[in-house]
Amino acid sequence: MHAANTILVVAPDPGLRRSLEFALEVEGFPVESHESLSTIEASPEANAAACIIVDESAIRLSPAGRQPLARFAGRVILLVEEVDPTAGPDGFAVLTKPVEGNDLIDLVQTILARRLSLTK
């Protein structure tokens with residue numbers, strides 16, 4: 001698996017995690033899943049990951065809160081129940097759950113295209 005193309009998924013709920021994995025893998029994205037934010041810090045894929053999708057419950061359960069995500073600014077998609085202007089720091093994209101249609105895939109592709117244009 002090439003780290004630069006990997007999508008990290010962080011969701012404590014195993015059903016949500018599997019659902020996100022499936023949706024992304026069907027579109028051809030390599031996926032690495034985590035139950036908590038603390039495990040992405042130990043992941044060799046994390047720094048080079050194309051995008052990180054984080055369920056808001058992972059942030060609530062993390063003793064460090066959003067802090068571990070700061071280094072991924074511009075690559076984080078935060079999944080929330082309700083839009084809250086304080087839900088994420090600058091550089092985070094926010095999608096409300098349930099995610100409808102291709103909203104998630106479209107946003108992932110937008111982030112990937114933006115990263116690709118920055119490397120040219």
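The values are calculated or read from the model by the stated rules, or taken from the named source; none is laboratory data. These numbers come from a predicted model, not from an experiment. As a convention, Cβ positions derive from the backbone with ideal geometry for all residues, glycine included, and neighbour counts pool all protein chains shown. For accessibility, only protein heavy atoms count, side chains too; no ligands or nucleic acids. Shrake-Rupley method; radii C 1.70, N 1.55, O 1.52, S 1.80 Å.
Picking from residues in segment 44-67 that are within 25 Å of residue 109 (Cβ to Cβ) and modelled with pLDDT under 80, the one that is most open to solvent (accessible area, probe 1.4 Å) is 44.
Here is a yes/no grid of residues against (1) under 13 Å from residue 56 (Cα atoms); (2) at pLDDT below 90; (3) open to solvent by less than 60 Å² (accessible area, probe 1.4 Å); (4) among the aliphatic types (A, V, I, L, M):
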site	(1), (2), (3), (4)
74	no, yes, yes, no
78	yes, no, yes, yes
85	no, yes, no, no
88	yes, yes, yes, no
92	yes, yes, yes, no
102	no, no, no, no
106	no, no, no, no
111	no, no, yes, yes
115	no, yes, no, no
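Return the residues of segment 16-70 that are closer than 11 Å to residue 6 by Cβ and either touching a Phe, Trp or Tyr at 6+ places or on another chain (Cβ under 8 Å) or of a type in the set (Gly, Ala, Ser) (or both); say none if nothing qualifies. 33, 43, 46, 48, 49, 50, 52 - these are the residues of segment 16-70 that are closer than 11 Å to residue 6 by Cβ and either touching a Phe, Trp or Tyr at 6+ places or on another chain (Cβ under 8 Å) or of a type in the set (Gly, Ala, Ser) (or both). Annotation: of all residues in segment 3-34 being touching a residue at least 60 places away in the same chain (Cβ under 8 Å) and assigned to a loop (DSSP other than H, G, I, E, B), the one that is least open to solvent (accessible area, probe 1.4 Å) is 11.
Being aliphatic (A, V, I, L, M), more than 21 Å from residue 98 (Cα to Cα) and assigned to a helix (DSSP H, G or I) is a description that does not apply to residue 59.
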